[in-house]
Amino acid sequence: MTALRLADRRETADLAAFLTRLLHYDRAASVRLQAGGGVLAVFGRPAPFEVLAVRTARLAGEAADAAPAPSRAPGLDLTVSAGQLADALDAAARAGDGAAGACEAALPAGVTGPPWAGVLPPRGGWRPLPGLPGPAEIHAALSAAVAEFRARDTALPEERRTRAERDRIGREIWSRPLGTTGLPLRAAHAAQSLGFLRPPAPRRATEPVPAVRGVPGVRGVRGGAAGAAGAHTAVTVPPAPTVPDPAPALLGSGGWLRLRTAYGSIAVRNAGLPGLSVTPA
């Protein structure tokens, strides 16, 4: 059986939290996994945002098979059910001893991936791009966009208050560029919704974090093989360092733009370029 050996319980819980947020938008979500150099990269597509989300986690060792096939390429490259992987990470985190020590999670069987999983952002060639507003300005832009949507939705006459009309308004607002960049506002919205863009204030060392099914840092409803989440409890885990997070950065490579934060990245194709589209058919 193939297993993932994540560096510690916190890495395991953080990755489970990311999967939980993906499953909030699509209970049948799949993720593509790639491992190499001691790092696991997890790619997902939160459907409402039309973007690709990328979350990495440190590995205690490369993913390995108990009886590896000689013809198999080194490293891991597999598409799996997000729900089944989240269940495996839940079990691994519960079995872990505190925040220290590796957590080993059983890797689910591969599935036939959706079209977006066939073409991922490039691994290299990323260059910094100018024009990205600061964190406070990004949060302000998102708040203004949400307020505008609500105001325009409220102003709709009853006969036009349909899902199609609301989707049209949403597409218009979230397709606008962020600042002077070519990054659509929906990319920042996705980053905030997935927990990649966070308020600058650090968590206090003694502040409890919410938990789902005994895994610290995960709260909310999610699907998966084990069904609905259990009761929510508050637990205290060893505090993470409170050093300031690096500011978000905008990067470009080929036909891709990437909003990189300390907690993950959001990647989108440049408008008008040929190739993969992450917009639903």
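The values are calculated or read from the model by the stated rules, or taken from the named source; none is laboratory data. All values derive from a computational prediction rather than experimental measurement. For neighbour counting, all protein chains shown are included, and Cβ atoms are generated from backbone atoms with ideal geometry for every residue, glycine included.
One table, with the values for the structure above:
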item: Meets criteria (surrounded by 14 or more Cβ atoms within 10 Å (Cβ to Cβ), assigned by TED's automatic domain parsing to the domain that holds Ser253 and under 26 Å from Gly252 (Cα atoms)) for Pro184; result: yes
item: Selection within segment 31-55 - in a strand (DSSP E or B) and either out of contact with any helix residue (DSSP H, G or I) (no Cβ under 6 Å at 6 or more places or on another chain) or modelled with pLDDT under 95 (or both); result: Leu33, Gln34, Ala35, Gly36, Val39, Leu40, Ala41, Val42, Phe43, Leu52, Ala53, Val54
item: Pair list, Cβ under 6 Å, 6 or more apart: segment 174-185 residue at positive phi, other residue in a loop (DSSP other than H, G, I, E, B); result: Gly179/Gly131; Gly179/Pro133
item: Number of the exception - Leu156 against (1) buried (at least 16 other Cβ atoms within 10 Å of the Cβ); (2) farther than 14 Å from Leu259 by Cα; result: (1)
item: Test: Arg94 is among the charged types (D, E, K, R) and without any contact (Cβ under 8 Å) to a residue 40 or more places away in the chain; result: no
item: Count of residues meeting criterion [polar (S, T, N, Q) and at pLDDT 85 or above] in segment 231-259; result: 1
item: Residue check for Ala91: buried (at least 17 other Cβ atoms within 10 Å of the Cβ), assigned to a helix (DSSP H, G or I) and at pLDDT below 95; result: yes
item: Odd one out for Arg58, checked against (1) outside any strand (DSSP E or B); (2) at pLDDT below 95; (3) not hydrophobic (A, V, I, L, M, F, W, C); result: (1)
item: Single match in Ala93, Ala109 (criterion: of a type in the set (Gly, Ala, Ser) and in contact with a helix residue (DSSP H, G or I) (Cβ under 6 Å, 6 or more places away or on another chain)); result: Ala93
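Condition check ((1) modelled with pLDDT under 90; (2) surrounded by fewer than 16 Cβ atoms within 10 Å (Cβ to Cβ); (3) in contact with a helix residue (DSSP H, G or I) (Cβ under 9 Å, 6 or more places away or on another chain); (4) not in a loop (DSSP other than H, G, I, E, B)) across all residues:
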| site | (1), (2), (3), (4) |
| --- | --- |
| Gly113 | yes, yes, no, no |
| Ala117 | no, no, no, yes |
| Pro121 | no, no, no, no |
| Gly125 | no, yes, no, no |
| Leu132 | no, no, yes, no |
| Ala144 | no, yes, no, yes |
